Structures are given as C-alpha cells and as structure tokens.
Amino acid sequence: TRVRKPAGGFILWVEMPKGCDSIALFERLLDRGISIAPGPMFSASQGYRNCMRISLGHPWNERAEKALREVGRIAGALALFLDHSLAWPGLDVPDPYYGGSRGFETVLDMVEEASARLLDEILAGSSR
C-alpha cells in the first residue's frame, strides 16, 4: 500500500495493491458509518479501482483514529482473501450481483478456495 503526502489540502490518496477493490471496501465501511471515496469516482473510465481518497479535513480525535484503523483492518482482510484465492483472475473481484450468474459463481469459487487455502495455512502453522 502506498500513501501520497498531499501537496496541500486535507486529502490522502491511497493506492492499495492491484486487485484490492475500493468499491467493495467502501460498501463494507459504509455499514460501519465510515466513508471513503473509491478511486473510480475520480476516473471517467472507472480506473483507480485499487485506490481511495481519505479526507482529513476534520480535527483528529479518537473517533477518527478508530475509523482509520478500521479502514486498514477491512482493507487487509480483503487483501488476505485475494492472496489466498487461486481462482482470482488477477484483476478486479467480479461483481456477484451485476456480473450475472458467472460473476456470482466466480465469487463463490473464490470464497471457497480462499477459505480452504487460508485454513490449510493456519493449520500448517499451528503444527510447527
């Protein structure tokens, strides 16, 4: 993950590893009352899917720190999922709703495979 220091203003531009989906992250964070701006909002061609903009225009406090930690935690969980899925095509995670039946099947395959590989890794680590 790369964060660019703003030249001015109160905005951070965060570039996550390829394949991390800022729209999926945005949706999960909204459920927790946290808002980011997904990268595709800043692209006419829906680019920057692995990027997000974070506003720092409010005074820093415990609530802001907790929210930023939650952004990192959920982004890390999404990246961990992608790291353990061989079915992942190396681009964006398919949309299970708008990707039609194939998109839904692909996501299910990814979840199943990533879960199994992660469990195998955990079990292998616990036997050392």
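The values are calculated or read from the model by the stated rules, or taken from the named source; none is laboratory data. Just so it is clear, the structure is predicted and the values come from calculations on it, not from any experiment. Counting neighbours? That spans all protein chains shown, and the Cβs are built from the backbone with ideal geometry, glycine included.
So that you can scan it fast, the table gives a plain yes or no per residue for (1) within 16 Å of L25 (Cα to Cα); (2) touching a residue at least 12 places away in the same chain (Cβ under 8 Å); (3) within 15 Å of the chain's Cα centre (by Cα):
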| position | (1), (2), (3) |
| --- | --- |
| A37 | yes, yes, yes |
| S45 | no, no, no |
| L56 | no, yes, no |
| I74 | yes, yes, yes |
| L78 | yes, yes, yes |
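A64 passes every criterion in (1) surrounded by 11 or more Cβ atoms within 10 Å (Cβ to Cβ); (2) at pLDDT 85 or above apart from (2). Consider the stretch 9-37 and keep the residues that are surrounded by fewer than 16 Cβ atoms within 10 Å (Cβ to Cβ) and closer than 17 Å to P59 by Cα. The one that is modelled with the lowest pLDDT is G9.
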